[in-house]
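Throughout, read-outs are computed from the coordinates displayed, never taken from laboratory work. Just so it is clear, the model here is predicted, and its values are computed rather than measured. Cβ coordinates were reconstructed from backbone atoms using ideal geometry, including for glycine residues, and neighbour counts include every protein chain displayed.
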């Protein structure tokens, strides 16, 4: 019985080697679609392009001897852009108005990421969406903050803070400029 399976393994191995050799021969000696000469229709389209088309210089790719070199397009971006070579990025004038600050509630800050995830899960069970942020405080190390928000007004943040307090979670209002 053992010799029958050994023969099957050898036949399977032989079939695999033959298929691998056939694929290798096809890849090396088969048709090369990217190195063929362009057909007559694409040559006519190339001749009918306007005179402002980018100039091309031929490049030689490795392939069969006698293959035509392919044309590499040459782009003149500085001539195409408005303003010629002196073109630069447009300057956007920002209005002088104050940018409103963002209001968050911070429900906790932990050095252990699993503690932060546990609080986030507890808030999720209450139907409150929270985010965990990784922050590196140089003097204290890495902390994981659990934050809720952004809130539109301080009143909405305060009402959420009161709701969290009824559930036994102390939260602090955090204001930041963007």
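Cβ crowding within 10 Å ranks 174, 23 as 23, 174, fewest other Cβ atoms first. Computed from the C-beta positions of residue 135 and residue 166, the FRET efficiency with R₀ = 30 Å rounds to 0.60.
The peptide list 159-165, 24-30, 124-130, 143-149, put in order of mean Cβ contacts within 10 Å with the highest first, becomes 143-149, 159-165, 124-130, 24-30.
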